[in-house]
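Chemist: Handing you a structure now.
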Amino acid sequence: MKLGCLIYGYNNLLSSKNNNVKREEKQLKLIPSNTKQVKFFKSLAPPLAAAFLILSPICATPVSIGQTIDIQRGVTLFRQTCIGCHDAGGNIIQPGSTLYTKDLQRNGVDTEEEIYRVTYYGKGRMPGFGKECMPRGQCTFGARLEDEEIKILAEFVKLQADKGWPRDESKGIAKINLFGN
């Protein structure tokens with residue numbers, strides 16, 4: 001008799017577990033399936049992602065990471081080498097020889113190649129910074145720049161000149177924009 005009760009109780013226990021599982025399955029089936037909404041959102045995901053990328057500031061960056069690195073190097077080189085005389089594109093030694101487009105054009109130095117040449121060999125009161133700068137009196141007494149560094153510096157100066165050497169008036173200093181916009 002005890003064995004029969006135990007078996008009956010065991011079967012009863014199993015049937016109650018099975019009933020609970022069946023109730024849970026029924027409840028799951030009663031929850032409405034939102035497959036239409038899921039399909040709708042899945043179909044919208046790619047166009048929304050594309051629109052986000054197009055409108056995000058990421059797309060306003062320079063053409064390549066290499067270009068960003070060159071601009072950052074240009075900022076660093078300018079601050080190390082040029083800012084003493086050419087703060088914010090001006091010229092504290094010779095006011096008519098600024099790095100603004102109108103003065104660069106007037107002085108025949110309005111291309112990257114000419115900016116490179118003047119930076120390498122110097123001109124007037126501006127010393128040359130190139131490794132092979134001659135005559136010695138025209139060259140800087142400080143550290144010399146590698147050819148690639150002068151090229152990056154010339155590109156940076158031309159970029160800033162084309163933008164009018166934007167200023168951050170709240171700080172009274174040139175705003176050097178790394179992203180070219």
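The values are calculated or read from the model by the stated rules, or taken from the named source; none is laboratory data. Treat the numbers as computed from the prediction; the structure is a model and nothing was measured. Methodologically, a virtual Cβ is constructed for each residue, glycine included, from the backbone with ideal geometry; neighbour enumeration extends over all protein chains shown.
Chemist: State the number of residues belonging to segment 112-135 that are free of Cβ contacts under 8 Å to residues at least 24 places away in the same chain and either touching a Ser or Thr at 6+ places or on another chain (Cβ under 7 Å) or of a type outside the set (D, E, K, R) (or both).
Modeler: Of the residues in that region, 9 qualify.
Chemist: Right, Arg117: at pLDDT 95 or above and farther than 25 Å from Thr68 by Cβ or not?
Modeler: Taking the combined requirement at face value, the residue satisfies it.
Chemist: Checking the condition in a loop (DSSP other than H, G, I, E, B), of a type in the set (Asp, Glu), at negative phi and touching a helix residue (DSSP H, G or I) at 6+ places or on another chain (Cβ under 9 Å), which residue from Glu113, Glu132, Glu155 passes?
Modeler: Glu132
Chemist: Scan segment 82-111 residue by residue and report those that are of a type in the set (Val, Ile, Thr), touching a residue at least 24 places away in the same chain (Cβ under 8 Å) and exposed (fewer than 15 other Cβ atoms within 10 Å of the Cβ).
Modeler: Ile93, Thr111, listed by residue number.
Chemist: Anything in segment 141-152 that is touching a strand residue (DSSP E or B) at 6+ places or on another chain (Cβ under 8 Å), modelled with pLDDT of 90 or more and outside any strand (DSSP E or B)? List them, or say none.
Modeler: Selection gives Arg144, Asp147, Ile150.
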